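Here is the structure we will look at, set down as structure tokens.
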Amino acid sequence: TPAELTLTAIPTHISCGAGSTGAIDLTASGGTPGYTYLWTGTGVIPTSEDQSNLAAGNYNVTVTDNNGCQKQLLVTINAGDTTKPIVTAPTNTLIEGCSVANAGSLAFSTTVTAISAATFTQLGGTITDASSISSITYQDTQSGTCPIVITRTFTVTDLCGNFETASQTITIQDTTDPSWTTAATSLDRTIECSNTAAIAAAQALAPVATDNCSTVTYTKVSGTFVAGSCANSGTYTNTWIAKDVCLNE
């Protein structure tokens, strides 16, 4: 009695997406050599030992040896990766600043810019995919002024050409008040009531302020005259308000 007829098959699965790139390498052993083959399935060569140019699916083969003994085998060709990556963008962030130059760890870019997977992970992003990742890019759009809102869109593409996008919102806000560079007491004046020129000059005085982000506008509020202990004496108190473009004052 000859050894049992056995069949082994090594399938080549579809690498990426649809197509007919699958193959089957079949080996028969045992029984009585002088094997014949009968395949069923779309695209097979029915009497060939090995198969190529196959689409994803199930394929059956019946092998008959020289004594008429038969053995059957089912071989499955798996479809390629057609699933998009699962992508989570880095968490939204709020930054104190003045412009898109404060856009976080990555430079602000309105054009598509490539980064590494390591950089994306360091920023807090995550990727899950059946295939290896071939590229990661980001692109920024800007809206608003106070605050500035940047929408950073990441695109992750795997080796099979499947891609997915995920967006991060970066809010850049200026909440810092302008700072006076003129000391308030330096504008104080004591003037004789008859010195009208000195009074006019004092009324024309104004302090100076600077801001970390923008120019400063000034509003002067003049106080009423508060009479003193004798005729024509008294005090004016003037108040200045410095305000930046984001209305911090």
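Thr42 versus (1) on the phi < 0 side of the Ramachandran plot; (2) under 49 Å from the mean Cα position of the chain (by Cα); (3) not in a loop (DSSP other than H, G, I, E, B): which is the lone unmet condition?
The single condition Thr42 does not satisfy is (3).
In the stretch 174-231, which residue that is in contact with a Cys (Cβ under 9 Å, 6 or more places away or on another chain) and among the aliphatic types (A, V, I, L, M) is least open to solvent (accessible area, probe 1.4 Å)?
That would be Ile199.
Of all the residues that make up the stretch 145-173, how many are open to solvent by 40 Å² or more (accessible area, probe 1.4 Å), modelled with pLDDT of 95 or more and among the small types (Gly, Ala, Ser)?
Total satisfying the criteria: 1.
Output the residues belonging to the stretch 80-99 that are open to solvent by 40 Å² or more (accessible area, probe 1.4 Å) and either under 13 Å from Phe154 (Cβ atoms) or not in a strand (DSSP E or B) (or both).
Answer for the stretch 80-99, where residues must be open to solvent by 40 Å² or more (accessible area, probe 1.4 Å) and either under 13 Å from Phe154 (Cβ atoms) or not in a strand (DSSP E or B) (or both): Thr82, Thr83, Lys84, Ile86, Thr88, Thr91, Asn92, Cys98, Ser99.
Starting from the stretch 60-71, keep only residues that are without any contact (Cβ under 8 Å) to a residue 24 or more places away in the chain and on the phi < 0 side of the Ramachandran plot, then list their pairs with residues that are of a type in the set (A, V, I, L, M) and surrounded by fewer than 15 Cβ atoms within 10 Å (Cβ to Cβ) whose Cβ atoms are within a distance under 6 Å, requiring at least 6 positions of separation or different chains.
From residues that are without any contact (Cβ under 8 Å) to a residue 24 or more places away in the chain and on the phi < 0 side of the Ramachandran plot, the pairs are Asn60/Leu74.
Can you find a residue in the stretch 192-203 that is in contact with a strand residue (DSSP E or B) (Cβ under 8 Å, 6 or more places away or on another chain) and among the β-branched types (Val, Ile, Thr)? Give the derivation first.
Within the stretch 192-203, the subset in contact with a strand residue (DSSP E or B) (Cβ under 8 Å, 6 or more places away or on another chain) is 203.
This time we only want the ones that are among the β-branched types (Val, Ile, Thr), so: none.
Checking the stretch 192-203: not a single residue is in contact with a strand residue (DSSP E or B) (Cβ under 8 Å, 6 or more places away or on another chain) and among the β-branched types (Val, Ile, Thr).
I'd like to verify a number: residues in the stretch 1-43 that are open to solvent by less than 60 Å² (accessible area, probe 1.4 Å), free of Cβ contacts under 8 Å to residues at least 60 places away in the same chain and of a type in the set (A, V, I, L, M), how many?
Selection size over the stretch 1-43: 4.
The values are calculated or read from the model by the stated rules, or taken from the named source; none is laboratory data. Not measured: the values here are computed from a predicted model. Because the Cβ atoms are built from the backbone with ideal geometry, glycine has one as well, and the counts that use them run over all protein chains shown. The protein model used for the area step is the full one, side chains on, heavy atoms only, and it has no ligands, DNA or RNA in it. Shrake-Rupley method; radii C 1.70, N 1.55, O 1.52, S 1.80 Å.
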